Amino acid sequence: MSAAHQDLIDPFGRQIKDLRISVTDRCNFRCTYCMPEEGMQWLPRSEVMSFEEIEHLSRLFVERYGVRGIRLTGGEPTVRAHLPVLIEKLARLESADGPIDLAMTTNGATMRLIAPTLRDAGLRRVNISLDTLVREKFVRMTRRDELDNVLDGIAAAQKAGFDPVKINAVIERGVNDDEIVDLATFGRERQVEVRFIEFMPLDADGHWLSEQVVGQDEIVETINAVYPIEQMPARGAAPADRFRYLDGAGKIGVIPTVTKPFCGDCDRVRLTAEGEFRTCLFATKEFDLLSALRAGENDDQIAARIEAAVATKWAGHRINQVNFIRPGKSMSQIGG
Ligand code: SAM
Ligand code: SF4
């Protein structure tokens with residue numbers, strides 16, 4: 001275990017504890033709220049962080065700054081070749097507070113094939129995206145006919161021992177808001193925590209409208225009318241507000257990015273697949289750590305860049321304000 005770490009604290013007193021790493025900008029789905037149907041420009045492979053580079057930067061965050069959680073995302077992380085090799089490297093990282101909490105967000109399309117391998121490599125937790133239980137709607141939303149494979153993937157993840165397995169469901173007005181209760185029922189029956197996510201202005205097509213957002217209050221009221229729920233104690237830095245079913249059948253989460261921003265407690269930073277450091281999902285400025293690493297900068301020099309970047313972390317996003325500027329990148333290019 002490494003020596004005591006140095007706190008990485010932003011100008012608003014928030015301590016950085018969580019790192020999201022995009023391992024690829026590529027994806028085998030084309031979800032309408034994330035990617036365009038065609039014409040996505042992929043990063044050249046030479047510009048994407050190698051596993052060694054991801055490990056190097058992760059080690060810095062974990063050992064120097066005591067980052068406790070790393071979540072792999074993308075694009076679709078499972079389309080990155082040899083992903084278990086990276087997971088093995090990251091699972092070995094320890095901060096002064098102990099081993100890291102290593103998690104991944106995936107669309108689940110290949111989970112039925114790889115769940116035990118990922119678990120054996122040291123991945124502890126997975127979130128699998130599932131926005132609808134209706135096949136035609138799944139095809140419309142993801143532009144792929146993969147519902148059965150994703151459902152099998154959820155079962156495979158549970159069988160492989162991931163704990164917890166959570167479901168991410170982005171709710172869009174007029175698209176899948178009629179399935180809020182059905183998704184809750186699915187979570188209760190399968191014993192998975194469904195996390196309802198408010199639709200954010202990060203779709204590549206730029207079609208987002210505030211009218212399409214189904215807010216936390218509506219989601220909670222809709223579920224509560226069928227399955228009574230109560231809010232659980234404050235979330236801390238986690239993005240989801242959590243609720244439990246009064247009959248003991250489990251929990252749900254709601255990620256109310258748009259209607260109830262939780263920026264005040266945010267402890268997250270991000271690395272894009274090409275090694276750009278971002279201090280907010282909605283940041284308009286990035287800090288190029290990969291070029292610094294490839295130029296031969298030592299850890300103190302890279303750490304100085306990280307600290308300078310964290311000093312610019314803003315108090316919160318401005319989605320609901322007139323001066324909101326959409327980031328130049330969409331969700332899959334940032335790493336959601
Ligand atoms: N491909 C993986 C997946 O879909 O789970 C990981 C990357 S994806 C960008 C991470 C999460 O962001 C997914 O749960 C996805 O549903 C969510 N997401 C994508 N675009 C979004 C948007 N515009 N608003 C809210 N959530 C979004
Ligand atoms: Fe791919 Fe995930 Fe974006 Fe869907 S949400 S297009 S699965 S990166």
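Using the Cα centre of the stretch 153-244 as origin and beta-carbon charges of +1 (Lys, Arg) and -1 (Asp, Glu), tell me which of A160, Q216, F186 is placed farthest towards the positive end of the dipole.
So the residue furthest toward the plus end is A160.
Rounded, prolate or oblate: which fits the stretch 158-212, taking a ≥ b ≥ c as square roots of the Cα gyration tensor eigenvalues, rounded meaning a/c under 1.5, else prolate when a/b beats b/c?
oblate
Lone cysteines in the chain, going by a 4.7 Å Cβ-Cβ cut-off?
Within the chain, the cysteines lacking a partner Cβ under 4.7 Å are C27, C263, C266, C280.
Can you put V23, V181 in order of Cβ neighbours within 10 angstrom, beginning with the fewest?
Least to most surrounded, the residues fall as V181, V23.
Rounded, prolate or oblate: which fits the stretch 12-142, taking a ≥ b ≥ c as square roots of the Cα gyration tensor eigenvalues, rounded meaning a/c under 1.5, else prolate when a/b beats b/c?
prolate
Taking the square root of 5 times each eigenvalue of the Cα gyration tensor, what semi-axes in Å does the equivalent ellipsoid of the stretch 18-334 have, largest first?
30, 22, 20
Quick check on the chain: helices-only [θ] at 222 nm, where DSSP H runs of length 4 and up contribute -39,500 (n - 2.57) each and the sum goes over total residues. Nearest 500, please.
Helix-only estimate at 222 nm: -8000 deg cm²/dmol.
Would you list which lysines come within 30 Å of K89, measuring only between C-alpha atoms, while excluding same-chain residues fewer than 8 positions from it?
K17, K159, K166, K285, K313, K329
Taking the Cα centre of the chain as the origin, how large is its charge dipole in debye, to the nearest 20, when only Lys and Arg (+1) and Asp and Glu (-1) carry charge on their Cβ atoms?
For this selection, approximately 340 debye.
Tabulate in residue order the Karplus-calculated ³J(HN,Hα) for the stretch 28-40, using 6.51 cos²θ - 1.76 cosθ + 1.60 with θ = phi - 60°, rounded to whole Hz; enter x for Gly and Pro.
8, 10, 9, 4, 4, 7, 10, 10, x, 5, 9, x, 5
Here, each number is a calculation from the coordinates, and none is a lab measurement. No experiment lies behind these values; they were computed from the predicted model shown. Cβ coordinates were reconstructed from backbone atoms using ideal geometry, including for glycine residues, and neighbour counts include every protein chain displayed.
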